[in-house]
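None of the figures in this text is laboratory data; all of them are computed from the coordinates on show. None of the values given here were measured: they were computed from a predicted structure. As a convention, Cβ positions derive from the backbone with ideal geometry for all residues, glycine included, and neighbour counts pool all protein chains shown.
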Amino acid sequence: MEIIIKKDYEQMSKLAAEIIAGQIRNKPNSVIGFATGSTPVGTYRELIRMHREGLDFSNIIAFNLDEYFGIGMDLSKSYAEDQSYTRFMYEELFNYINIKDENIHIPDGLTKNPDELCKSYEEAIKEAGGIDLQILGIGGDGHWAFNEPGSSLDSRTRIERLSEQTLDDNYEAFYKNAGISREEMPHYAITMGIGTILEAKEILMIANGVKKAEIVANALEGPVSNLVTASAIQLYQGKATVILDEEAASRLSSVKNTTSAS
Ligand code: PGA
C-alpha cells in the first residue's frame, strides 16, 4: 500500500483525479468503481474539468459502491428532497461527462427483490471483467461503502443496516440540510461487500479532514478487524494507493513508504 499525503483537500482531489484519468487513458474501456459522500466531490469536479479538456469517458463502465434502500432517483424532486446516491452521481459527475447511460450501474434502491438485485450486481461486475480501479472513501465508523462494523471481511453485495454513527454522520452531512429527520432518513442500504471490493484490480482510497484522522490510523495501522471494515485494505493483494490530506494523516504513527508533497 502506498500512502501519499497532500497538503489539503484540493491537492488530494487533484491527485486522485489524475490517477483515475491515467487509468482511463491507459484503458479507455476501464471498469471504474465509484464512491459517494462528501470526500470524492472535489475529485469529481477535477474529472469534469479534465473532460472539458478532452478526457474521454465514452467507453468506461461504472459500478457504484452502494445506494440507500428504499429510495431511488426521482427527477421530479429537487436534490434537497431526493438524497439518492444515483442522483448524487448524476449531479456531481455523470451529467457533466460523456459516460453512456447504459454503462452506469448503481444498485436500485427501489428494488422489490433485493436478493436478486444483489446477485445480479455481482454477476454484472464479473461480466464486465471485474473492477479495474475502485475509488473508496472511509466512513467515520471505518466503513468501506456501507460495510458497517461487524460486516464480514468476505461479504458480498447485500442489504446492510446503517450503524448509528453512519446515521449521525450522513444526517449531519446531507439530510439535515434537506429538512429530512434522522428518523425518516433511510436506515438500510444496498452495498457491495468487502469481498467484492477486495476483488478490484486496483484500489484508490481518499480521506480528508481531522475528523477522519483517528479512523484512518486505525484502518491503516491498527489490527485488521471487521469492526473497522476499511482495515481490509491491509489484506488487499493488488495495488492500493491511499491519498490523505495532512489533517487526515495526522494520527498515522508510521510514514514509511510515504511521499509527502504539496
Ligand atoms: P464522507 O463519507 O465522504 O461523506 O465522509 C465517506 C464514506 O462514508 O465512505
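So, counting K/R as plus one and D/E as minus one, what does the shell of residues with Cβ under 15 Å around S231 add up to? Mind showing how you got there, number by number?
Working: positive: K212, R251; negative: D141, E148, D154, E214, E221.
So the surrounding residues net to -3.
Please report the relative contact order for segment 95-168, taking Cα pairs under 8 Å with a sequence separation of at least 6, and give it as a percent rounded to a whole number.
25
For segment 175-238, what class follows from the C-alpha gyration tensor (a ≥ b ≥ c being the square roots of its eigenvalues): rounded when a/c is under 1.5, otherwise prolate if a/b is larger than b/c, else oblate?
prolate
Using the Cα centre as the reference, give the magnitude of the dipole from point charges on the C-beta atoms of segment 1-157 (Lys, Arg: +1; Asp, Glu: -1; all else neutral), rounded to the nearest 20 debye.
Details: 15 positive and 26 negative charges, 102 e Å.
For segment 1-157, the charge dipole is close to 480 debye.
Taking the dipole about the Cα centre of segment 13-164, with the C-beta of Lys and Arg at +1 and of Asp and Glu at -1, give me whichever of S151, G37, F57 is farthest to the positive side.
F57
So for the chain, averaging the separation of alpha carbon pairs under 8 Å that are six or more residues apart and normalising by length, what relative contact order in percent results? Before the final figure, lay out each step's value.
Numbers: 544 pairs, mean separation 71.4, N = 262.
Here the relative contact order equals 27 percent.
Taking Rh as the Kirkwood radius, which is the inverse of the mean 1/r over Cα pairs, what is the Rg/Rh value for segment 57-178? If you can, show how the numbers build up before the last one.
Details: Rg = 14.7 Å, Rh = 15.6 Å.
Using only Cα positions, Rg/Rh for segment 57-178 is 0.94.
Distance between Cα centroids, segment 60-133 to segment 1-42: provide it in whole Å.
The two parts, judged by their Cα centres, are 19 Å apart.
Quick one: Debye curve from the alpha-carbon atoms of the chain only, equal weights, vacuum; give me log10 I(q)/I(0) at q = 0.10 Å⁻¹ to two decimals.
Values returned for q = 0.10 Å⁻¹ are -0.45.
Where in segment 1-45 is the amide nitrogen less than 15 Å from a point lying 7 Å along the Cα-to-Cβ axis of E172?
Answer for this model: 38-39.
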